[in-house]
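This report concerns only the one structure given below.
The values are calculated or read from the model by the stated rules, or taken from the named source; none is laboratory data. Just so we're clear, the structure is a prediction, and the values are computed from it rather than from any experiment. Cβ sites come from the backbone with ideal geometry, for glycine too, and all protein chains shown count toward neighbours.
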Amino acid sequence: MEQGWPRVLLFDSGIGGLSIADAIRLRLPHADMVYAGDNAGFPYGDLPEHEVVARCVALVEAALARWPCDLVVVACNTASTVVLPALRSRLRLPVVGVVPAIKPAAALSCSRRLGVLATPATVDRPYLASLIDEYAADCTVLRLGSSELVRLAEAGLAQGQVDDERVRAILQPLAAGDPDTVVLGCTHFPLIQKALARAMPGVVHWVDSGDAIARRVVQLLEEAGGNGAGTGQASSTFLFTAEPPAGLRKWLEVSQPGAYGDSPQISRVSLNTARNSSMGNAGLWQQ
């Protein structure tokens, strides 16, 4: 960025958006970042659509009221499938969603056998079928939706490891189809990619949306120009609606040393969804 410094707000139901945060940090090392994780509502794949929309819009608007930003990233595949129209109608900022990387995966596959690993909600969405029809019509596409795998990824951050046997058992139906390329259609899954690769050693390509989202963020910020809301000090603020994940600070220290600033702020916040009669009319305060 040549003019000003950006501040980016990332939203997820838990820690999955950290995979997107890392990709953005690589391309915008001086940007300020606000991460809003609605882990009190985790996992979103188990919630009705109207509740996902209400919680997401409320938390994003409340966070923006406290930390003005230049762009919002919905770093959650499940939320992206349902909440983007509501957010874009209410915000005057660019809003970027996450789309399963079907197109690049199809370009990489030699066997024309693809796997899509996501939450049950994402796997069942019509938009995923549309992406497959448009970009992978000549491929056999095997889909696996697992909320348990998302929970394992969340637990893995706290414990510093993932249960390989559980991962292998969950992936067995996908492994049986022998894909050479697997789309990671949930932002949690790049965080446990090594465990996934151990469970399916025959997969040549694991494809996620992180870098594509980061490139889109850079493009939109450059198009906007002007002075950003950030400081240029790579400050990082992490907000969670339940107890902040154990192991988060360690992860921030080792994923990209120094990338999240000298002292990332990690807080639990309360979201007053009782006042949320118009979705975004909610209060936010630290505990």
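Checked against the criterion of being on the phi > 0 side of the Ramachandran plot, not assigned by TED's automatic domain parsing to the domain that holds Arg166 and not hydroxyl-bearing (Ser, Thr, Tyr), segment 178-192 has no qualifying residue. Residues in segment 67-84 that are acidic (Asp, Glu) and either closer than 15 Å to Ala121 by Cβ or within 9 Å of the chain's Cα centre (by Cα) (or both): 0 in all. Quick check on Ala58: is it in a helix (DSSP H, G or I) and either touching a Gly at 6+ places or on another chain (Cβ under 6 Å) or within 19 Å of Pro120 (Cβ to Cβ) (or both)? Criteria met by Ala58.
When the residues of segment 165-204 are filtered to those that are among the small types (Gly, Ala, Ser) and touching a strand residue (DSSP E or B) at 6+ places or on another chain (Cβ under 9 Å), the one that is nearest to Thr140 (Cα to Cα) is Gly177. Taking first residues from segment 161-172 that are at positive phi and buried (at least 16 other Cβ atoms within 10 Å of the Cβ) and partners that are part of a helix (DSSP H, G or I) and of a type outside the set (Lys, Arg), no Cβ contact under 6 Å between residues at least 6 apart in sequence or on separate chains turns up. Pairs linking a residue in segment 28-48 that is without any contact (Cβ under 8 Å) to a residue 12 or more places away in the chain to a residue that is outside any loop (DSSP other than H, G, I, E, B), with Cβ atoms under 8 Å and 6 or more positions apart or on different chains, are Leu47/Gly41; Leu47/Arg55. Taking the listed residues Gly283, Gly261, Gly232, the one that is modelled with pLDDT under 95, touching a Phe, Trp or Tyr at 6+ places or on another chain (Cβ under 6 Å) and surrounded by fewer than 20 Cβ atoms within 10 Å (Cβ to Cβ) is Gly232, with no other qualifying. Considering segment 135-154, and only residues there that are over 22 Å from Gln172 (Cα atoms) and touching a residue at least 12 places away in the same chain (Cβ under 8 Å), the residue that is surrounded by the fewest Cβ atoms within 10 Å (Cβ to Cβ) turns out to be Asp138. Checked against the criterion of being surrounded by fewer than 17 Cβ atoms within 10 Å (Cβ to Cβ) and under 24 Å from Val53 (Cα atoms), the candidates Arg88, Arg125, Arg112 yield just one match: Arg88. Return the residue satisfying two criteria in turn: it lies in segment 173-184 and is surrounded by fewer than 20 Cβ atoms within 10 Å (Cβ to Cβ) and touching a residue at least 24 places away in the same chain (Cβ under 8 Å), and of such residues it is nearest to Ala106 (Cα to Cα). Within segment 173-184, the match that is nearest to Ala106 (Cα to Cα) is Asp180. Can we say Ser109 is under 19 Å from Cys76 (Cα atoms) and small (Gly, Ala, Ser)? When the stated conditions are applied, Ser109 does not pass them.
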